[in-house]
């Protein structure tokens, strides 16, 4: 069973936006989709772009470097469905956002 690690405050990530945090030396991208939070590996599988800096449209984040798109709910690339970034379970307790780690 995974432990949950506090990574941000809910108010740190407005709806429709993403942020990058570091957990255990690894960059994780956090996204707020209409009040539901998602966490995926921050590194695009195409050329290593920072997904947390990408544009979020609905459930899709677009890598700012070369435009690859990922579904933040599943980690699957819409651009190349064979590519998938790791996803992490999220939990909100009060104002704290945690991910499974």
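Tabulated results
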quantity: Residue list for segment 58-101, restricted to those being outside any strand (DSSP E or B), under 19 Å from residue 12 (Cβ atoms) and in contact with a helix residue (DSSP H, G or I) (Cβ under 7 Å, 6 or more places away or on another chain); calculated: 95
quantity: Residue count for segment 43-59, restricted to those that are buried (at least 16 other Cβ atoms within 10 Å of the Cβ) and closer than 13 Å to residue 16 by Cβ; calculated: 3
quantity: Condition met for residue 27 (assigned to a strand (DSSP E or B), surrounded by fewer than 17 Cβ atoms within 10 Å (Cβ to Cβ) and under 10 Å from the mean Cα position of the chain (by Cα)); calculated: yes
quantity: Counted residues, segment 1-19 - those being within 17 Å of residue 64 (Cβ to Cβ) and either exposed (fewer than 14 other Cβ atoms within 10 Å of the Cβ) or more than 12 Å from the chain's Cα centre (by Cα) (or both); calculated: 1
quantity: Segment 30-57, residues that are part of a strand (DSSP E or B) and farther than 19 Å from residue 100 by Cβ; calculated: 50, 55, 56, 57
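Throughout, read-outs are computed from the coordinates displayed, never taken from laboratory work. None of these values were measured; they are calculated from a predicted model. Cβ sites come from the backbone with ideal geometry, for glycine too, and all protein chains shown count toward neighbours.
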